[in-house]
Amino acid sequence: MRDYFAAVTLGAFTWKDEARLARLFALLQAMKARFLALHFFALSLGLAFPLMLPLTRLSPRDYMSRAGLSEEAARDSGFTALVEAGGFPSLIMRTMGVFFVFILIIQLMCYGTAAFFLKVSRMQYAPFSLRERLGLLLFTSTLPCILCVGIGFFIPTLHIIVFYLIIIAWSFQRSKLCRNG
């Protein structure tokens, strides 16, 4: 667990110090896949939080209007009965789950694509393994995730795009500093 937190710290706060980047890559090579998965889910939860928080504050009437249901359609679809039976919190939890799964899918696509292009860009240098590329992308994401979550409270959804642009730029920059792999 100590190595995980060291990798998080080095990934978030190391920029051009080649010795610290070498230490980060050494930690990534030895790191178990479960810690990569843990960090992936933590980042995903962080990115989803600004989208989920407003849902917890919605009243049933606001939820209905955002879903595009009229009063009559809400009665016909059973929405009104669901609210009266106390099932509205369950509906909100399911909606939050859908948002989280959506964020996970976006994360998988982005990190997979970035790892592929990181491999292509590294062909002129010593190539990184898939674990090293994914680790570099994930642990470089820590600080931008924190910053973009703050942006997400003011501009939801756009914070995700800003997050991926920062990650791609920072990861490729760090990759070029480690010419020997």
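The values are calculated or read from the model by the stated rules, or taken from the named source; none is laboratory data. Predicted model, so just to flag it, every value in this text is computed and none were measured. Cβ coordinates were reconstructed from backbone atoms using ideal geometry, including for glycine residues, and neighbour counts include every protein chain displayed. The area values use the complete protein model at the heavy-atom level, side chains included, leaving out ligands, DNA and RNA. Shrake-Rupley method; radii C 1.70, N 1.55, O 1.52, S 1.80 Å.
What to note about this one:
Listed here are the residues, each with its yes/no results for (1) closer than 30 Å to M109 by Cβ; (2) of a type in the set (S, T, N, Q); (3) open to solvent by 40 Å² or more (accessible area, probe 1.4 Å).
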residue: T14; (1), (2), (3): yes, yes, no
residue: F25; (1), (2), (3): yes, no, no
residue: F41; (1), (2), (3): yes, no, yes
residue: P50; (1), (2), (3): yes, no, no
residue: L58; (1), (2), (3): yes, no, no
residue: S65; (1), (2), (3): no, yes, yes
residue: E72; (1), (2), (3): no, no, yes
residue: R75; (1), (2), (3): no, no, yes
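- Qualifying residue in the stretch 72-80 (condition: assigned to a helix (DSSP H, G or I) and under 18 Å from the mean Cα position of the chain (by Cα)): no
- Restricting attention to the stretch 114-138 and to residues that are in contact with a helix residue (DSSP H, G or I) (Cβ under 9 Å, 6 or more places away or on another chain) and open to solvent by 70 Å² or more (accessible area, probe 1.4 Å), the residue that is modelled with the highest pLDDT turns out to be F116.
- Single match in A42, A37 (criterion: of a type in the set (A, V, I, L, M), in a helix (DSSP H, G or I), farther than 18 Å from G150 by Cα and without any contact (Cβ under 8 Å) to a residue 24 or more places away in the chain): A37
- In this entry, S141 passes the filter for residues that are open to solvent by less than 50 Å² (accessible area, probe 1.4 Å) and modelled with pLDDT of 90 or more.
- Any hit, the stretch 82-93, residues being touching a residue at least 12 places away in the same chain (Cβ under 8 Å), of a type outside the set (F, W, Y) and under 20 Å from A7 (Cβ atoms): no
- The set of residues from the stretch 82-102 being of a type in the set (A, V, I, L, M) and open to solvent by 60 Å² or more (accessible area, probe 1.4 Å) comprises A85, M93, V98, V101.
- Candidates in the stretch 144-181 are the residues that are modelled with pLDDT of 80 or more and of a type in the set (S, T, Y); of these, the one that is most open to solvent (accessible area, probe 1.4 Å) is T157.
- Filter result for R2 (touching a Phe, Trp or Tyr at 6+ places or on another chain (Cβ under 9 Å) and surrounded by fewer than 16 Cβ atoms within 10 Å (Cβ to Cβ)): no
- Test: V149 is without any contact (Cβ under 8 Å) to a residue 40 or more places away in the chain, assigned to a helix (DSSP H, G or I) and not basic (K, R): no
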